[in-house]
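K.L.:
Sharing a structure below in structure tokens format, with a few things to ask.
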Amino acid sequence: KRTPAIRAGRPDPTGITYIGDGAWGVGVRQVHDPRSTWYLERAAARRHLLMLRLNQQGLRVIVIAEDGEELDRVEVLPSNQ
């Protein structure tokens, strides 16, 4: 799952992007449809891992399914940029 940037309970480009739920090695659960759920940008009921790269330029997250398919990719810049 990944949210849009959220601040004060609503989407806001100056807010925080939340990323989570790897589900590796456990059963997957149903997820809400991002098209009808305001707080979801992306979501899938699939086993996957999160590959993170953190440096001074920001955070890069690549989401990879157990079959190797790339499910999502996002970069989050530091708040001072």
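Computed from the coordinates by the stated procedures, all read-outs in this text should not be read as laboratory data. Remember, predicted model here, so these are calculated numbers, not experimental data. A quick note on method: Cβ atoms are made from the backbone with ideal geometry, for glycine too, and the neighbour counts reach across all protein chains shown.
K.L.:
Taking only segment 3-21 into account, find how many residues are exposed (fewer than 15 other Cβ atoms within 10 Å of the Cβ), β-branched (V, I, T) and touching a Gly at 6+ places or on another chain (Cβ under 7 Å).
P.N.:
0
K.L.:
For segment 7-16, does any single residue satisfy the condition of being assigned to a loop (DSSP other than H, G, I, E, B) and closer than 18 Å to I64 by Cα?
P.N.:
Of segment 7-16, the ones assigned to a loop (DSSP other than H, G, I, E, B) are 8-9, 12-15.
Going one step further and asking which of them are closer than 18 Å to I64 by Cα, we end up with none.
Within segment 7-16, not a single residue is assigned to a loop (DSSP other than H, G, I, E, B) and closer than 18 Å to I64 by Cα.
K.L.:
Related question: Residue by residue through segment 22-70, note down the ones that are among the acidic types (D, E) and surrounded by 15 or more Cβ atoms within 10 Å (Cβ to Cβ).
P.N.:
The initial filter retains those residues of segment 22-70 that are among the acidic types (D, E), namely 33, 41, 66-67, 69-70.
Answer for segment 22-70, where residues must be among the acidic types (D, E) and surrounded by 15 or more Cβ atoms within 10 Å (Cβ to Cβ): just E41.
K.L.:
Here is a check on your reading of the model: is E41 acidic (D, E) and in contact (Cβ under 8 Å) with a residue 40 or more places away in the chain? Let's see the steps before the verdict.
P.N.:
Numbers: acidic (D, E): yes; in contact (Cβ under 8 Å) with a residue 40 or more places away in the chain: no.
No.
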